[in-house]
Amino acid sequence: MTLLLKNVRLETGYLYDQTFVTATETKIVDILIKNGEFVEIAPTIEANDAEVVDAKEQLLVPSFKEMHTHIDKTYFGGEWKAPTPATEGIFTRLKEEATLLPKQLDVAEERAHAMVRHYIKNGHTHIRTHVNVDPQIKTKHIEIAKRVLESYEDQITYEIVAFPQHGLLRNGPEFITILEKALQMGATHIGGVDPATMDRNSGEVLKTTFQLAEKYDVAIDIHLHDRNTLGEFEIHQILNEIERRSFNKEVTLSHAFAFADLPQQLLDNLIDRVAAHNVGVTTTVPIGAGPITIPVKYMYDRGVKVSFGHDSLIDHWSPFGSGDTIQKLNQFVQRFGYIDEWHIGQSLKYATGGLTPLNDEGAQQWPKVGDTANALLVDAVSSAHLIARQCPISTVISKGNIIHKEEIELKGEFR
């Protein structure tokens, strides 16, 4: 397919008042897309065989990546239902799941479709979903998630984490057989959750997790809610396993609350070691009781690849997820007090896999000829404007194809 975008706004540089960025410069161009890639960017382009879209001076930005969600156990698309109080912490939720998830099987696929469509509408062209593998549901959710996501292969890319929500070892050796079946079915990652708290044997849990990752050649994504030095200890154990095995697949720490409340020297040592092993961190930018919001920019600047996710939209864990990553970015910049053009605009990278139209110094780095054409048209005049004013998306482009489009009232810089 050939797609010609006309009258597109691209960011080209920063305007400065001495050392401070005061605004983002832009220009209006035409962009030609063929075979899923940007092939030409010029003031004016003509192409007889192309589908032509008039962007009407909307801004083009990279599309979003949802790096942490659960499409398999959601209330989204169903009736409103708020969670109950978790009187026993995470174990309250595990008891609920033992009966709730089997009851939801009849609607799980329909709701997963609703979530994926919602993510696409909100500008996502990649989804990583954690999918329960537990003694009650076994591999049924893996089957559903695979079937749903495969039906969107022409629109998005995706990753499936086989997620032992109820622990790895505490359910006996027969559960390992179930988890292995899930990995054989095409999961791209093996997950885990708080090995010290859940299984009370973090060393053996991590050893088994890495063994299975090596056996099935998959990546790892572990949920770590344990705080302070317990969480720090678990992260160091993970890094020890990476070193011991020379493990070269991707490793991600989800949540990783320990980064939020460690003393400075311990924090710096941990960040530097995580960065040295190229371990990623995914956060929902949580706001709640106690220090649980990790220092995103500080970590990123020291070499840790931090990404954003929503975790859930609405389920028996939380009623607050939106799937709106522009809103998530807005929440982030407000949480950390970023009010200037540079800090707000550069925050886009946490939602796009590291892509921003301008680099830190203001040089244009996206889009370039040859880049995959995953992009959004938004009614904004800069990335900072998009995030601060939560400007709307009109068009979602994935691999050069328009996968969502809607009419919006264009207000440009006056939003």
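Region 1-98: percent of C-alpha pairs farther apart than 17 Å? Could you put the intermediate results ahead of the total?
Working: 3333 of 4753 pairs.
So the portion of pairs separated by more than 17 Å is 70 percent.
Can you sort Trp317, Trp342, Trp80, Trp366 by 1.4 Å-probe accessible area, starting with the largest? List each step's numbers first, then the result.
Numbers: Trp317 80, Trp342 50, Trp80 180, Trp366 5 Å².
I get Trp80, Trp317, Trp342, Trp366, largest accessible area first.
Hey, rough spin-label estimate for Lys121 and Gln184, points 7 angstrom out along Cα→Cβ, what's it come to in nanometres?
If labels sit at Lys121 and Gln184, their model points lie 4.0 nm apart.
Please sort by residue number the GluC sites (Glu not before Pro) in region 313-415 whose DSSP state is loop and whose Cβ has at most 13 other Cβ atoms within 10 Å.
The qualifying sites are Glu361, Glu406, Glu407, Glu409.
Between His236 and Lys103, what is the FRET efficiency for a Förster distance of 56 Å, r being their Cβ-Cβ separation, to the nearest 0.05? Walk me through the numbers on the way to the answer.
Numbers: r = 40 Å, r/R0 = 0.71.
So the FRET efficiency works out to roughly 0.90.
Looking at the P(r) of region 72-166, how many percent of alpha-carbon pairs lie beyond 20 Å? Walk me through the numbers before you get to the answer.
On the way: 1736 of 4465 pairs.
Looking at region 72-166, the distances longer than 20 Å represent 39 percent of pairs.
Just need the relative contact order of the chain here, percent rounded to a whole number, with Cα pairs under 8 Å and 6+ apart. Before the final figure, lay out each step's value.
Details: 867 pairs, mean separation 84.4, N = 415.
Relative CO of the chain lands at 20 percent.
Helix 90-121 against the longest principal axis of the chain: what's the angle in degrees, Cα atoms only, rounded to the nearest 10?
20 degrees
Considering only DSSP states other than H, G, I, E and B, which trypsin sites (Lys or Arg not before Pro) in region 240-317 qualify as loop sites with at most 16 other Cβ atoms within 10 Å?
On the way: sites: Arg244, Arg245, Lys249, Arg273, Lys297, Arg302, Lys305; in loops: Lys249, Arg302, Lys305.
Those that pass, being in a loop and sparsely packed, are Lys249, Arg302.
Given the Cα-Cα distance of Ile28 and Arg302 and 0.36 nm per residue of separation, how much length would full extension add, in nm? Could the numbers behind the result be given before it?
Working: separation 274, 0.36 × 274 = 98.64 nm, distance 3.51 nm.
Answer, rounded to one decimal: 95.1 nm.
Just the number please: accessible area per residue for region 63-143, 1.4 Å probe, all protein chains included, in Å². Walk me through the intermediate numbers first.
Values: 3300 Å² over 81 residues.
On a per-residue basis, 41 Å².
Quick one: what are the phi-derived ³J(HN,Hα) couplings along region 69-78, Karplus 6.51/-1.76/1.60 with θ = phi - 60°, whole Hz, x for glycine and proline?
The phi angles translate into 8, 9, 7, 8, 9, 10, 8, 4, x, x Hz.
What nm distance separates the two modelled labels at Gln390 and Asn7, each placed 7 Å from Cα along Cα→Cβ?
2.8 nm
Within 10 Å, count the other beta carbons around each residue, average over each peptide in 148-160, 194-206, and list them highest first. Before the final figure, lay out each step's value.
Numbers: 148-160: 17.2, 194-206: 19.5.
Ranked from most to least packed, the peptides come out as 194-206, 148-160.
Taking springs between alpha-carbon atoms closer than 10 angstrom, which of Thr293, Thr284, Thr177 fluctuates most in the Gaussian network model of the chain?
Among Thr293, Thr284, Thr177, the largest mean-square fluctuation in the Gaussian network model of the chain belongs to Thr177.
Round to the nearest 10 and give me the degree value, 0 to 90, for the angle of helix 228-245's Cα axis relative to the longest principal axis of the chain.
90 degrees
Calculate how steeply helix 325-335 sits against the longest principal axis of the alpha-carbon atoms of the chain, using the helix alpha-carbon long axis, and give the answer as 0 to 90 degrees to the nearest 10.
80 degrees
Evaluate the charge dipole of the chain about its Cα centre and quote only its size in Debye, nearest 20, assuming +1 on the Cβ of each Lys and Arg and -1 on the Cβ of each Asp and Glu. Intermediate results must be reported in sequence, preceding the final value.
Numbers: 41 positive and 57 negative charges, 124 e Å.
Around 600 debye, computed over the chain.
Run the numbers on region 351-403 and let me know its relative contact order in percent, using alpha-carbon pairs under 8 Å that are six or more apart.
On the way: 55 pairs, mean separation 14.9, N = 53.
Result for region 351-403 is 28 percent.
Take the alpha-carbon centre of region 11-42, take the same for region 289-354, and report the distance between them in whole Å.
Region 11-42 and region 289-354 have Cα centres separated by 24 Å.
Taking all protein chains as present, what is the carbon and sulfur share of the accessible area of the chain, in % to the nearest whole number, probe 1.4 Å? Mind dumping the intermediate values first?
Values: 8370 of 17340 Å².
C and S atoms contribute 48 percent here.
How far, in nm, would the chain grow between Arg273 and Ser322 when pulled straight, counting 0.36 nm per residue and subtracting the alpha carbon separation? Numbers along the way, then the final one.
On the way: separation 49, 0.36 × 49 = 17.64 nm, distance 3.31 nm.
Stretched out fully, the Arg273 to Ser322 stretch lengthens by 14.3 nm.
Which links in Lys207/Lys297; Lys121/Lys305; Lys121/Lys249; Lys121/Lys181; Lys27/Lys411; Lys140/Lys207 stretch past 23 Å when you go from one Cα to the other? Intermediate values should be presented prior to the final figure.
Working: Lys207/Lys297 31 Å; Lys121/Lys305 26 Å; Lys121/Lys249 31 Å; Lys121/Lys181 33 Å; Lys27/Lys411 17 Å; Lys140/Lys207 26 Å.
Result: Lys207/Lys297; Lys121/Lys305; Lys121/Lys249; Lys121/Lys181; Lys140/Lys207 exceed 23 Å.
The values are calculated or read from the model by the stated rules, or taken from the named source; none is laboratory data. As the structure is a prediction and not an experimental result, all values here were calculated from the model. Glycine also receives a Cβ, built like all others from the backbone with ideal geometry; neighbour counts cover every protein chain displayed. The area values use the complete protein model at the heavy-atom level, side chains included, leaving out ligands, DNA and RNA. Shrake-Rupley method; radii C 1.70, N 1.55, O 1.52, S 1.80 Å.
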